[in-house]
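K.L.:
If you scroll down you'll find the structure; I have some questions about it.
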Amino acid sequence: MEFEKDVVYKQLESEDKSTRRAALIDLKKRAEKRQLDEHLLSDLFDPLIKIVSSDKIDNLREYASIILLALTTHGSISATQFQALVNFSVDRFEAEPSEEIRLTLAKVNHAAILNQNVQPVYLENLDKLTQLVKLAVRDRFGEVVKEACEIIIALSERNEYFRLQADFFVEPLMQHVKSQPMKVRVMCVKALEPVMIYSPLTIANIAPQLEVFWSESSPLVKLAMIRTIGKVSLEIEPDDQNFHLLFPLILLGRCNKFSEVSDEAERIWQVLTNQPEFQRRFAKCFSKLVPKLLADTENWNNDLRIQSAQLIYQFVREIPDRKLELPTIMEILVFQSGDDQAPVRNWACKAARLIGETCALEALSWLSDQKQEDPETTNASGLTIYSHIVHGFLNAVQSYYPARSLELCVQLAVKFSSLKDISLLECLETLVEKDVGIPVDLMNQLLSVTLSLEGSDQSDFLSRKMSLLQPIASRLGFSNIDTMIQQRLPSLLASEADPARWTTTSPPWKILQFVARDMKMIDNFVFDLLCQTIAATTCPEIKLKSFNMLTGSMSHIQCTDPAQLQTMLLANVKWKPGRSASVLRSSAALCAYAAVQHNKLEIIPSNIDVIANSFVDLVEDEAVNTRLAAIRIIQRCLLAGRPANLDSILTTLMGRLNDVSKDIRQGAMAGLRDVFIHWRGQGDPCAMEAKFIDLVRVLARDDDLPSKTFADGILQSMLVNLSKMDITGEKGSEVVE
């Protein structure tokens, strides 16, 4: 045996590469068959190390490293050899170009660690071991990194001084958790477990980063994260200063869509909850995490915001007292409900419902205490959270509903009534239909809110709004909606009775608009209020909408005061400069024509002059609709009598026969025809011969074929009975020509 050792030793030390190769191949074959004597390590250690470190032939270095691996795996290693192996590996690792040899070297050191139980050896070589592991973890070859992770785990089991090394492994391991292939990442995550257990201070540098990597990790990596964090949470002291940083990953695992991940997270969670005083510690950890959750809510990264929303939901779900940190949580939920990512909004709404189930009073009080001008709490985001809190509250409480909570529900409904969002309508439906015992004064406020709600994009908004009014009428003791509105409307609008102060967002204006436009209920009170609004308001939009409502409802207005209507209309058809004035003038003219057409404003001898004089100037207005409405009203005046300025009116009308608008030309022709025929039919003296000749001249110059054809028809109808008109002689010749 000694002779064989000497021969092999000399062959390995030989300058002839063929001799070295033959010896290495023989030893490699025997190693593969496990026929190497374990005592050979002490004799062949130096030449094998020399070959691996300095031989220029890759195959020979590889064979030598494989033989070293076999000897260190199955044989014992002395403290001196252990130190020499570690020192050699540190020096050689970065210089070795072959990935396979670096991998084998890592395995050799791993085997040496597994066979070394003498603690002073570890302490003596602690720095070199740490340096070696860091080099291996940073290696470009993934298999080397995996082996380095195995070395870290082995060191944690064998080395009593591992806690002195652990901090140095965090940075290289964390670099690979995101960048390496999936299997390597899994091993790196596993290697972080002993690091955090033996050095809990490293949790602050590991757990938050794993949380950042969570969304981009594969299910297997997530499973490894959950298991690693779970084991750490069960091993370290619950009162450790970084213990709270472990909860986010476990709770995120419970939200994961992959069952293996969520089941493992749930199993760990159940183990944690069975520990003594867990609820107290969990509440303490939650308070520590609130600032982080608040910061993540505003993070630019979509995934982190989604994770933050999931964590808020999980904490609200599991916290023993949901009033804990409630103001901050409410602030977060309101912010999240306006996020552009749907998952963030959905998780925030779920959390709001949970809050509504147990502490609705406190949550609603927080919303109520926020300043009205605060955009975060008065916009649609605040309304969304409010609606889900109310739904949670009403679903959780089955019998007795606290009066203060109901009062806050109604007060906040009033606060959010200016928003065009169907969620408020849904909230009101739940409040009313569940018959939760809302007193009459609060029900009146709900009626006001319902009437003032403006439509959203949903096509069924108006029908749902009408459906909601029926149970409100029943709760208030009315047989139908119309009766309720007729009796309650004056008191509902009394809160802001001066129309001059109304804006388009004022609740009284929106109520009046709904009653007059959508329900078409214009009685004396509503009519008077619309007239007062037109007369008093300085808002062009309100004035315009008021005219439009009167115009659209003129056919079924129940009763009006003609004198009041005439005064209001004539005051608004006066010419004023500006685009807004032109639009309002047109609306007033159209409203006036609708009033005349539906006999709500009669033209009689006592008012014919004032009406004719007010509208004759509008015949030449820049807006086509205004001109057309004015022509029709002037026609009605001429049919009702003969204004004092008849000649001027007829001249103005005939001036429109050359209007750029075909509709205006035809309207003027038809008006004049009807007036001529009407006056001729009444047998009055024919005072229009001169005007008739002028009309013929104008029509003769109109080269527009449609207008020419229309004019021919007018002339035929006007000349049916020429004997009644004095058009003989020179005038008659002109007419015939």
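The values are calculated or read from the model by the stated rules, or taken from the named source; none is laboratory data. Bear in mind the structure is a predicted one, so any value in this text is a computation, not a measurement. In this analysis, Cβ positions are derived from the backbone assuming ideal geometry, glycine residues included, and neighbour counts consider all displayed protein chains. Surface accessibility is based on the protein's heavy atoms, side chains included, excluding ligands, DNA and RNA. Shrake-Rupley method; radii C 1.70, N 1.55, O 1.52, S 1.80 Å.
K.L.:
Would you work out which of C409, L570, G230 lies farthest towards the positive end of the dipole of the chain? Charges go on Cβ: Lys and Arg +1, Asp and Glu -1.
P.N.:
Of the candidates, L570 comes out farthest on the positive side.
K.L.:
Using the Kirkwood radius over C-alpha pairs as Rh, can you work out the diffusion coefficient of the range 332-457 via Stokes-Einstein at 37 °C, viscosity 0.692 mPa s, in µm² per second? Intermediate values should be presented prior to the final figure.
P.N.:
Details: Rh = 14.4 Å.
The diffusion coefficient I find is 227 µm²/s.
K.L.:
Considering only protein heavy atoms and a 1.4 Å probe, what is the carbon-and-sulfur percentage of the accessible area of the chain?
P.N.:
Details: 16270 of 32820 Å².
C and S fraction of accessible area: 50 percent.
K.L.:
Pulled fully out, how much extra length does the chain show between V212 and E171, if you take 0.36 nm times their separation in residues and subtract their Cα-Cα distance? Spell out each step's value before the answer.
P.N.:
Numbers: separation 41, 0.36 × 41 = 14.76 nm, distance 1.53 nm.
Result for the pair: 13.2 nm of gain on full extension.
K.L.:
Note the per residue figure in Å³ for the convex hull of the C-alpha positions in the range 462-572.
P.N.:
Numbers: hull volume 11.7 nm³, N = 111.
Roughly 105 Å³ of hull volume per residue.
K.L.:
For the range 303-449, give the magnitude of the charge dipole about the Cα centre (Cβ charges: +1 Lys/Arg, -1 Asp/Glu; no others), in debye to the nearest 20.
P.N.:
Numbers: 12 positive and 20 negative charges, 37 e Å.
My answer is approximately 180 debye.
K.L.:
Where a Cα-Cα gap under 18 Å defines reach, which lysines qualify for K371, not counting those fewer than 8 residues away within the same chain?
P.N.:
K415
K.L.:
So if I place +1 on the C-beta of Lys and Arg and -1 on the C-beta of Asp and Glu, and nothing else carries charge, what would the dipole magnitude of the chain be about its Cα centre? I want it in debye, nearest 20. Walk me through the numbers before you get to the answer.
P.N.:
On the way: 80 positive and 96 negative charges, 197 e Å.
Dipole magnitude for the chain comes out near 940 debye.
K.L.:
Between K520 and S467, 0.36 nm times their residue separation minus their Cα-Cα distance comes to what? Before the final figure, lay out each step's value.
P.N.:
Numbers: separation 53, 0.36 × 53 = 19.08 nm, distance 1.66 nm.
So the chain would gain 17.4 nm between K520 and S467.
K.L.:
Additional query: Counting other Cβ atoms within 10 Å, which chymotrypsin sites (Phe, Trp or Tyr not before Pro) in the range 241-303 have at most 16 and lie in a DSSP loop? Intermediate results must be reported in sequence, preceding the final value.
P.N.:
Values: sites: F243, F258, W269, F278, F282, F286, W300; in loops: F258, W300.
Within the range 241-303, the qualifying chymotrypsin sites (Phe, Trp or Tyr not before Pro) (loop, at most 16 other Cβ atoms within 10 Å) are F258, W300.
K.L.:
A follow-up question, please. Which of the trypsin sites (Lys or Arg not before Pro) found in the range 165-264 are loop residues per DSSP with 14 or fewer other Cβ atoms within 10 Å of their Cβ? The partial results should precede the final answer.
P.N.:
Numbers: sites: K178, K183, R185, K190, K222, R227, K231, R254, K257; in loops: K257.
Sparse-neighbourhood loop trypsin sites (Lys or Arg not before Pro): K257.
K.L.:
While we're here: Could you work out how far helix 58-74 tilts from the main Cα principal axis of the chain, as a 0 to 90 degree angle to the nearest 10?
P.N.:
Roughly 80 degrees, rounded to the nearest 10.
K.L.:
Helix 219-235: angle to the longest alpha-carbon principal axis of the chain, degrees 0 to 90, nearest 10?
P.N.:
70 degrees
K.L.:
Oh, and also: With every protein chain left in place, what is the accessible area per residue of the chain in square angstrom, probe 1.4 Å?
P.N.:
Working: 32820 Å² over 737 residues.
That works out to 45 Å² for each residue.
K.L.:
In nm, give the distance between the simple-model label positions of I677 and L164, each being 7 Å from the Cα along the Cα-to-Cβ direction.
P.N.:
It is 11.8 nm.
K.L.:
Could I ask something else about it? Order 523-536, 106-119, 600-613, 477-490 from most to least packed using the mean count of other Cβ atoms within 10 Å.
P.N.:
Working: 523-536: 18.5, 106-119: 20.0, 600-613: 16.6, 477-490: 15.1.
Highest mean packing first, the order is 106-119, 523-536, 600-613, 477-490.
K.L.:
Taking the Cα centre as origin and putting +1 on Lys and Arg beta-carbons and -1 on Asp and Glu beta-carbons, what dipole magnitude results for the range 464-510, to the nearest 20 debye? Intermediate results must be reported in sequence, preceding the final value.
P.N.:
Working: 6 positive and 3 negative charges, 44 e Å.
Taking the Cα centre of the range 464-510 as origin, the dipole is about 220 debye.
K.L.:
Hey, what's the per residue convex hull volume over the C-alpha atoms of the range 261-389, in cubic angstrom?
P.N.:
Working: hull volume 13.7 nm³, N = 129.
It is 106 Å³ per residue.
K.L.:
Could you tell me which trypsin sites (Lys or Arg not before Pro) in the range 407-437 are loop residues by DSSP with no more than 16 other beta carbons within 10 angstrom of their beta carbon? Working shown, then result.
P.N.:
On the way: sites: K415, K420, K434; in loops: K420, K434.
Here the trypsin sites (Lys or Arg not before Pro) that fit, given the DSSP loop and packing criteria, are K420, K434.
K.L.:
Return the ratio Rg/(2.2 N^0.38 Å) for the chain, where Rg is computed over Cα atoms only.
P.N.:
On the way: Rg = 46.5 Å, N = 737, 2.2 N^0.38 = 27.0 Å.
In units of the globular-protein estimate, the chain measures up at 1.72.
K.L.:
While we're looking at this one, here's another question. Using the charge dipole of the chain (Lys, Arg: +1 at Cβ; Asp, Glu: -1 at Cβ; taken about the Cα centre), state which of A473, N59, Q116 has its Cα farthest towards the positive end.
P.N.:
A473
K.L.:
A further question on this structure: Taking the 0 to 90 degree range and rounding to the nearest ten, how far is the long axis of helix 422-433 tilted relative to the main principal axis of the chain, both from C-alpha atoms?
P.N.:
80 degrees
K.L.:
Find the eigenvalues of the gyration tensor of the Cα atoms of the range 601-669, then list the square roots of 5 times those eigenvalues as equivalent ellipsoid semi-axes, largest first, in whole angstrom.
P.N.:
Details: eigenvalues 81, 26, 19 Å².
Each semi-axis is √(5λ); the values are 20, 11, 10 Å.
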